[in-house]
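A.B. asks: Take a look at this one; I'll ask things after.
The values are calculated or read from the model by the stated rules, or taken from the named source; none is laboratory data. On a predicted model such as this, the values are computed, not experimentally measured, just so you know. For neighbour counting, all protein chains shown are included, and Cβ atoms are generated from backbone atoms with ideal geometry for every residue, glycine included.
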Amino acid sequence: MKDQKWKKLFFLLLGINVLIVLLLLILVKLPAADGEYISRHLKSDDYVPFQIQTNKQDLNQVINHYIEMEGLAGAINYYVILNEEVELYGSIPVFSQDIQMKLTFEPKALENGDIVLQQKTISVGKLQLPVDYVLKFIADRYKLPEWVSIQPNEESIYVSLQKMKLKSDIHVKVDEFNLKNDDIRFTLLVPVK
């Protein structure tokens, strides 16, 4: 009698484990919903443009200071480094451990002054996870500014600098974002009306 009870409990536990694994596999394979982004066009008569040129080192400091000051890291710490491409470092909590991850993106400046970061490489510990799953995880778990929109299905991140809120209603447009040549140029649009 005890032998049959033990077998029943074993198969029940085995069934629960199989269900959990199946559920995780299904969730990983589900397509991620893309966030939406809407381009804003500013009236040029209302703003005076100021051209700014910078380098990767200075922009690294500004980006990571902004992440820290705005409390964007939240419960999960992450930071960004500009090298030959845009690198995002962070960790993913799995069970009781944090697994380190690194994503690299190829930046592209758009005509409207925004930036698209096209996903290039990904490493999450030694796990091979689908890119859209990792991007969806980042969108769901990381606290990102409202002007950053993750597009898991397109494997990209849209950075709408036009939506970035700066003091005195100043806006930013990217003119050039060439990390390989360290040629980073912005236009600050300062309101005059």
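Let's see how each residue does on (1) more than 18 Å from V116 (Cβ to Cβ); (2) among the β-branched types (V, I, T); (3) over 19 Å from the mean Cα position of the chain (by Cα):
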residue: Y142; (1), (2), (3): yes, no, no
residue: E146; (1), (2), (3): no, no, no
residue: N153; (1), (2), (3): no, no, no
residue: V159; (1), (2), (3): no, yes, no
residue: M164; (1), (2), (3): no, no, no
residue: K173; (1), (2), (3): no, no, yes
residue: K180; (1), (2), (3): no, no, yes
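A.B. asks: Further question: Scan the range 109-131 for residues that are at pLDDT below 75 and either under 30 Å from L189 (Cβ atoms) or not in a loop (DSSP other than H, G, I, E, B) (or both) and jot them down.
C.D. replies: Of the range 109-131, the ones at pLDDT below 75 are 126-129.
Passing the criteria: only L127.
A.B. asks: Which one of these is of a type in the set (D, E), more than 19 Å from S160 (Cβ to Cβ) and modelled with pLDDT of 70 or more: E106, E85?
C.D. replies: Values: E106 fails: more than 19 Å from S160 (Cβ to Cβ).
When all the criteria are applied, what remains is E85.
A.B. asks: Going through the range 132-157 one residue at a time, which ones are without any contact (Cβ under 8 Å) to a residue 40 or more places away in the chain and not in a helix (DSSP H, G or I)?
C.D. replies: E146, W147, V148, E155
A.B. asks: Does L59 meet the test of being over 14 Å from the mean Cα position of the chain (by Cα), within 27 Å of L188 (Cβ to Cβ) and surrounded by 15 or more Cβ atoms within 10 Å (Cβ to Cβ)? Steps first, please.
C.D. replies: Details: over 14 Å from the mean Cα position of the chain (by Cα): yes; within 27 Å of L188 (Cβ to Cβ): yes; surrounded by 15 or more Cβ atoms within 10 Å (Cβ to Cβ): yes.
Yes: the conditions hold for L59.
A.B. asks: Within the range 99-108, can you find the residues that are buried (at least 18 other Cβ atoms within 10 Å of the Cβ) and over 16 Å from E84 (Cβ atoms)?
C.D. replies: Correct list: M101 only.
A.B. asks: Oh, and also: Go through L25, L9 for me and flag whichever is at pLDDT 70 or above, over 18 Å from I138 (Cβ atoms), of a type in the set (A, V, I, L, M, F, W, C) and surrounded by fewer than 13 Cβ atoms within 10 Å (Cβ to Cβ).
C.D. replies: Numbers: L25 fails: at pLDDT 70 or above.
Sole residue among the options that is at pLDDT 70 or above, over 18 Å from I138 (Cβ atoms), of a type in the set (A, V, I, L, M, F, W, C) and surrounded by fewer than 13 Cβ atoms within 10 Å (Cβ to Cβ): L9.
A.B. asks: Name, by its number, the condition in (1) farther than 23 Å from M101 by Cβ; (2) at pLDDT below 85; (3) surrounded by 14 or more Cβ atoms within 10 Å (Cβ to Cβ); (4) out of contact with any Pro (no Cβ under 8 Å at 6 or more places or on another chain) that does not hold for D183.
C.D. replies: (2)
A.B. asks: When the range 91-107 is examined, which residues are found to be assigned to a strand (DSSP E or B) and more than 20 Å from N64 (Cα to Cα)?
C.D. replies: Within the range 91-107, P93, V94, Q97, D98, I99 qualify.
A.B. asks: Can you pull out the residues in the range 36-51 that are within 15 Å of I115 (Cβ to Cβ) and either at pLDDT 90 or above or within 17 Å of the chain's Cα centre (by Cα) (or both)? First the steps, then the outcome.
C.D. replies: As a first pass, look at the range 36-51 and keep what is within 15 Å of I115 (Cβ to Cβ): 37, 39-40.
Residue satisfying the conditions is Y37 alone.
A.B. asks: OK, next. Could you check the range 158-180 and list, in sequence order, the residues that are crowded, with 16+ Cβ neighbours inside 10 Å, free of Cβ contacts under 8 Å to residues at least 60 places away in the same chain and under 19 Å from E87 (Cβ atoms)?
C.D. replies: Residue satisfying the conditions is V159 alone.
A.B. asks: Separate question: Across the range 184-193, what is the total count of residues that are more than 10 Å from K56 (Cβ to Cβ) and either among the β-branched types (V, I, T) or free of Cβ contacts under 8 Å to residues at least 60 places away in the same chain (or both)?
C.D. replies: Taking the range 184-193 first, the residues more than 10 Å from K56 (Cβ to Cβ) are 185-193.
After this cut, where a residue has to be either among the β-branched types (V, I, T) or free of Cβ contacts under 8 Å to residues at least 60 places away in the same chain (or both) as well, the list is 187, 190, 192.
Summing the residues that are more than 10 Å from K56 (Cβ to Cβ) and either among the β-branched types (V, I, T) or free of Cβ contacts under 8 Å to residues at least 60 places away in the same chain (or both) in the range 184-193 gives 3.
A.B. asks: What do you reckon, is K143 surrounded by 13 or more Cβ atoms within 10 Å (Cβ to Cβ) and among the charged types (D, E, K, R)? Steps first, answer last, please.
C.D. replies: Values: surrounded by 13 or more Cβ atoms within 10 Å (Cβ to Cβ): yes; among the charged types (D, E, K, R): yes.
Considered against the rule, which asks whether it is surrounded by 13 or more Cβ atoms within 10 Å (Cβ to Cβ) and among the charged types (D, E, K, R), K143 comes out as yes.
A.B. asks: Quick one: what pairs do we get from the range 48-61, first residue at negative phi, second modelled with pLDDT under 90 and in a helix (DSSP H, G or I), C-beta under 9 Å, 6+ apart or different chains?
C.D. replies: Between residues of the range 48-61 that are at negative phi and residues that are modelled with pLDDT under 90 and in a helix (DSSP H, G or I), the close pairs are T54/V62.
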